[in-house]
Amino acid sequence: MPGSEDFGAAAFQAATDVSRETLVQLQRYVDVLQRWAPRVNLIGPSTLDDIWRRHILDSAQLWPHLPDNSKTLVDFGSGAGFPGMVLAIMGVPDVHLVESNQRKCVFLREVARAAGVNVTVHASRIEALTPFPVDVVTARALASLPILLEYAEPFLKSNSICLFPKGQRVNEELTETQKRWNITHDVFSSLTDPTGGIVRLEAISRVDPC
């Protein structure tokens, strides 16, 4: 993987093979993010020069792991829109971004307008949101896997999946999760974090306490 100084829009397109139209939309997203970041705490300042790799690619790498014909996706704690906004731009038709910070919600709506993508922004805490059935649940850098499943459970159908990028504690989190939840899981290599992985969970149910 090229260094941050080399990894821009062209390198991202080479790594993902997105269409030119999608790349234009993502560039508009990056433009808005770069304007807003000095005023609102959206991403770590140290990652501003590496947006395409640390944030756009980090989100886009979930795309190949989505089930075929995924329609409805909910992204918890969206913040700057990763990964939900990126996946919406890439083609998931019904994306819901859940974010309790009002200024970040304004930012997310501005990105959607600039990129020309339809998303639903919920200015709400996850626990306060009325659940609705989804095909996919995502979240990035929000909470541990057991807590994420507590948030996700009310939104899950029998065939829903969860996709969570996780860091170097991924195996510890999976071990802890399996004490409380029955899951089928896969961990895929991350393109952006060699110490972590992308966790895909399905067939999710609570462990019977008896």
Out of Gln27, Gln102, sole residue that is without any contact (Cβ under 8 Å) to a residue 24 or more places away in the chain, closer than 26 Å to Pro154 by Cα and surrounded by fewer than 18 Cβ atoms within 10 Å (Cβ to Cβ): Gln102
Near pairs, Cβ below 8 angstrom, 6+ apart or cross-chain, from segment 113-135 (within 21 Å of Pro154 (Cα to Cα) and among the hydroxyl-bearing types (Ser, Thr, Tyr)) to any residue that is assigned to a loop (DSSP other than H, G, I, E, B) and at pLDDT 95 or above: Ser124/Ser100
Some residue of segment 145-157 being part of a loop (DSSP other than H, G, I, E, B), in contact with a helix residue (DSSP H, G or I) (Cβ under 9 Å, 6 or more places away or on another chain) and of a type outside the set (Ser, Thr, Tyr): no
Lone qualifier among Val136, Val92 - being touching a strand residue (DSSP E or B) at 6+ places or on another chain (Cβ under 9 Å) and assigned to a loop (DSSP other than H, G, I, E, B): Val92
Total residues in segment 1-24, condition free of Cβ contacts under 8 Å to residues at least 60 places away in the same chain and closer than 21 Å to Ala114 by Cα: 10
First in segment 191-210 and more than 17 Å from Arg180 (Cα to Cα), second anywhere and of a type in the set (Gly, Ala, Ser) and surrounded by fewer than 16 Cβ atoms within 10 Å (Cβ to Cβ), Cβ under 7 Å, 6 or more apart: Asp193/Gly167; Thr195/Gly167; Gly196/Gly167; Gly197/Ser189
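Quick grid of which residues meet (1) under 16 Å from the mean Cα position of the chain (by Cα); (2) surrounded by fewer than 14 Cβ atoms within 10 Å (Cβ to Cβ):
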| site | (1), (2) |
| --- | --- |
| Arg140 | yes, no |
| Ser144 | yes, no |
| Leu149 | yes, no |
| Cys162 | yes, no |
| Pro165 | yes, no |
| Asn171 | no, yes |
| Ile183 | no, no |
Qualifying residue in segment 160-171 (condition: more than 25 Å from Thr72 (Cα to Cα), assigned to a helix (DSSP H, G or I) and touching a residue at least 24 places away in the same chain (Cβ under 8 Å)): yes
Residue within segment 32-39 that is within 19 Å of the chain's Cα centre (by Cα), at negative phi and among the aromatic types (Phe, Trp, Tyr) present: no
Segment 69-82, subset within 14 Å of the chain's Cα centre (by Cα) and under 21 Å from Lys157 (Cα atoms), residue surrounded by the fewest Cβ atoms within 10 Å (Cβ to Cβ): Thr72
Selected residue (criterion: nearest to the chain's Cα centre (by Cα)) from residues of segment 106-116 that are farther than 15 Å from Val40 by Cβ and surrounded by 20 or more Cβ atoms within 10 Å (Cβ to Cβ): Ala112
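So which residues in segment 40-69 are of a type in the set (Gly, Ala, Ser) and in a loop (DSSP other than H, G, I, E, B)?
Selection gives Gly44 alone.
The values are calculated or read from the model by the stated rules, or taken from the named source; none is laboratory data. Worth saying up front: this structure is predicted, and the values here are computed from it rather than measured. Backbone-built Cβ (ideal geometry, glycine too); neighbour counts: all protein chains shown.
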